[in-house]
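This report concerns only the one structure given below.
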């Protein structure tokens, strides 16, 4: 089988999605299933919808278009604010897009009018993480703009947390979003279809018994795919954390000194680390590197250590594992490693079962 490859157990993904849909649904919160980590993979999208996700979200327009071409029928939200030049493509493929800039919304209005469609705007609000969003004091003005632009409708309010500055959801910022939903509704006279509180970083807050207020949607990717909440990278007990594995082939296996020799400078990716002299040690190289994944997001088998990586080579101390040229190593993946592996043209995606959780 081709290597490197990502093995995806969609049955485990489906279990995770269904579990989260059920528990969040009991709190009045629906799930938008996010496909961006898997490059808009139609099989993943269908798994999320079958598990009860009430819509899909993806940050890349090409992924949204790919889902439509694959015949995926669902409400799809473009999660990254559109570029002005893509407005016509956006209104053709996405039902809703996240927005914070008047110029972009005006371009979407023109494109929607020309296409004869009504495009939904999820107006993003800045709640402290300092990524995208209008400032809270500007919500009423921005909502009025959407109301007055032909071809658009105010689908809802949304917020992003924890992605840029690590600011998590709490009683204060979620109550503020609830209040602002009321402000937008009072201006427009219509009830918002969605008040989207954030993503997987909201899970601890949403499932911890807090008053969720008007928050009725979360955009979930990492929580479903890896069974973790991103604020502390903590596994969620009742979810699978091993639905994905990255498999690479050994291309060299030798015994070498543990310390390099010669005049030292920087490596291909910055300053070198400080290796410890452990004498001669087994070393293995697998055909995997920064062009394939994020080496820092890989978890090797127990007893094995990642020593470093370049563009194309990942160097391992195999410990007690007997690695031979041509054998394979299976890595667990964090979110950064999963995203980069899934979007690398050099990594094959395979729908297959991975080893069961311990």
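The values are calculated or read from the model by the stated rules, or taken from the named source; none is laboratory data. If you're wondering where the values come from, they're calculated on a predicted model, not measured in any experiment. A quick note on method: Cβ atoms are made from the backbone with ideal geometry, for glycine too, and the neighbour counts reach across all protein chains shown.
Against the definition (assigned by TED's automatic domain parsing to the domain that holds residue 163 and assigned to a loop (DSSP other than H, G, I, E, B)), how does residue 74 come out, yes or no?
On the way: assigned by TED's automatic domain parsing to the domain that holds residue 163: yes; assigned to a loop (DSSP other than H, G, I, E, B): yes.
The answer is yes for residue 74.
Can you say whether residue 153 is assigned by TED's automatic domain parsing to the domain that holds residue 90, in a strand (DSSP E or B) and surrounded by fewer than 21 Cβ atoms within 10 Å (Cβ to Cβ), as far as the supplied structure shows?
When the stated conditions are applied, residue 153 passes them.
Checking residue 188 against (1) at pLDDT 95 or above; (2) within 20 Å of residue 123 (Cα to Cα); (3) surrounded by fewer than 18 Cβ atoms within 10 Å (Cβ to Cβ); (4) touching a strand residue (DSSP E or B) at 6+ places or on another chain (Cβ under 7 Å), which single condition isn't satisfied?
That leaves (1) as the condition not met.
Kindly indicate the residue of the stretch 224-236 that is over 13 Å from the mean Cα position of the chain (by Cα) and in contact (Cβ under 8 Å) with a residue 40 or more places away in the chain and also surrounded by the fewest Cβ atoms within 10 Å (Cβ to Cβ) among those meeting that condition. Please lay out each step first, then the result.
Quick first cut of the stretch 224-236, residues over 13 Å from the mean Cα position of the chain (by Cα) only: 231-236.
If we keep only those that are in contact (Cβ under 8 Å) with a residue 40 or more places away in the chain too, we end up with 231, 233.
Working: 231: 18, 233: 11.
Restricting to residues being over 13 Å from the mean Cα position of the chain (by Cα) and in contact (Cβ under 8 Å) with a residue 40 or more places away in the chain, the top hit is 233.
Quick one: would you say residue 239 is outside the structural domain of residue 342 (by TED's automatic domain parsing) and either in contact (Cβ under 8 Å) with a residue 60 or more places away in the chain or part of a loop (DSSP other than H, G, I, E, B) (or both)? Show your work before the answer.
Values: outside the structural domain of residue 342 (by TED's automatic domain parsing): yes; either in contact (Cβ under 8 Å) with a residue 60 or more places away in the chain or part of a loop (DSSP other than H, G, I, E, B) (or both): yes.
So residue 239 passes the test.
Quick check: anything in the stretch 245-258 out of contact with any strand residue (DSSP E or B) (no Cβ under 9 Å at 6 or more places or on another chain) and surrounded by fewer than 18 Cβ atoms within 10 Å (Cβ to Cβ)? Steps first, please.
At the first step, the residues of the stretch 245-258 found to be out of contact with any strand residue (DSSP E or B) (no Cβ under 9 Å at 6 or more places or on another chain) are none.
Within the stretch 245-258, none of the residues are out of contact with any strand residue (DSSP E or B) (no Cβ under 9 Å at 6 or more places or on another chain) and surrounded by fewer than 18 Cβ atoms within 10 Å (Cβ to Cβ).
Okay, residues lined up against (1) at pLDDT 95 or above; (2) more than 26 Å from the chain's Cα centre (by Cα); (3) assigned by TED's automatic domain parsing to the domain that holds residue 345:
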site	(1), (2), (3)
266	no, yes, yes
270	no, yes, yes
275	no, yes, yes
284	yes, yes, yes
301	yes, no, yes
305	yes, yes, yes
319	yes, yes, yes
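Each row is one residue, and each column tells you yes or no for (1) touching a strand residue (DSSP E or B) at 6+ places or on another chain (Cβ under 9 Å); (2) part of a helix (DSSP H, G or I); (3) at pLDDT below 95.
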| position | (1), (2), (3) |
| --- | --- |
| 18 | no, yes, no |
| 40 | yes, no, no |
| 47 | yes, yes, no |
| 57 | yes, no, no |
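Could you list, in sequence order, all residues of the stretch 1-39 that are without any contact (Cβ under 8 Å) to a residue 40 or more places away in the chain and either outside the structural domain of residue 71 (by TED's automatic domain parsing) or over 21 Å from residue 245 (Cβ atoms) (or both)?
Step one: of the stretch 1-39, the residues without any contact (Cβ under 8 Å) to a residue 40 or more places away in the chain are 14, 18, 21-22, 25-26.
If the condition is that a residue be without any contact (Cβ under 8 Å) to a residue 40 or more places away in the chain and either outside the structural domain of residue 71 (by TED's automatic domain parsing) or over 21 Å from residue 245 (Cβ atoms) (or both), then 18, 21, 22, 25, 26 are the ones that fit.
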